[in-house]
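Remarks on the structure that follows.
The values are calculated or read from the model by the stated rules, or taken from the named source; none is laboratory data. Quick caveat, the model's predicted, so the values are computed rather than measured. Keep in mind that these areas ignore ligands, DNA and RNA; they rest on the heavy atoms of the full protein, side chains included. Shrake-Rupley method; radii C 1.70, N 1.55, O 1.52, S 1.80 Å.
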Amino acid sequence: MTLLSDLINLLFPKMCMACNTLLLQNEEILCTTCRSKLSFTNQHLHQDNLASQKFYGRINIEHASCLLFFKKRTGVQNILHNLKYKNHPEISYYLGMIYAEQLKQTSLLHRIDSIIMVPLHPSKQRKRGYNQVSGFAQAIHEVYGIPIEENLLIKTKKTKAQANKKLFDRLKKTTKPQFVLNPKATTKSQHFLLIDDILTTGNTLEQCAKELLKLPNSKVTILCLAMTTESF
C-alpha cells in the first residue's frame, strides 16, 4: 500500500493550494507555512462586524460572518481560485472544517434548522461539476448534524462571476430576480443557514435571504468562506 501511495504521489504530487509548493506527507491542501498565514476574520465572535454591516438597512438577518479576508495577490485568492476554477472541491470541505471548529466558540449554529447553499445556475453547475460550497455545507453538517436543503432555492438567471465584473456592474442590482423559492420544494425549517464562498457587495446573498424570509416565521444567518477587502 505504501508503494502504491508513493507511486501516486510521484505521478500526481500534492501541491499547496496557496503557494503551489510540494506538500509534505503530513500536510493536506495547504502547507504549514500558508496555513499559519491564513487571514482569519474572527467575525463570528462579534455580532457587529464588517460582514453584518454589509446588510444593514437591506435585510433583517440574525448574524453574518466570514472565515477569511480575501485580498488580491495573496494565498487566499489562490486558494479560492483553485476551488472555483481549477477543479478542487476538496478545498471547500477543508475550509469548512476549519470554520466549523471555530464556530464551536459560539452558539450561532445551535438553533439552525437547515443549511442552504447559494445555488448555481444549472448550466454552470453542469460545466463546473460541483457547487463550490458543497464541501463547506458538508463540513457543517458533519460537525453540527444540521441537514442540507439543496432544492429550496433555485437560480433562474445565468450571470457572470462577480470577480469578472467591473466595480459599477457589481454595485448594480438586477431588476429581475436571479433566485427564487422552488415551487416544488417544501420545508419545515424556520432558521436557515445561508452559505456562500465570497462576500463582495452582498447582492447575491441579499436576494437569496429575501426569498427565504418570504417563508412564515423564517430567520436567516449568513456564513461565507471569505469576504473581499475591496472598497465599494
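Beyond 17 Å, the tail of the calculated P(r) for region 22-98 holds 55 percent of the Cα pairs. How many Å² of accessible area per residue for region 26-166, probe 1.4 Å? Per residue, region 26-166 has an accessible area of 53 Å².
With Rh defined as the Kirkwood radius, the inverse of the mean 1/r over Cα pairs, the Rg/Rh of region 1-149 is 1.00.
Size descriptors for region 75-116, from the alpha-carbon set: Rg then Dmax equal 13.0, 35 Å.
List, in the order given, every pair from LYS37/LYS219; LYS37/LYS124; LYS14/LYS71 whose Cα-Cα distance in the structure shown is over 27 Å. From the list (LYS37/LYS219; LYS37/LYS124; LYS14/LYS71), the Cα-Cα distance tops 27 Å for LYS37/LYS219; LYS37/LYS124.
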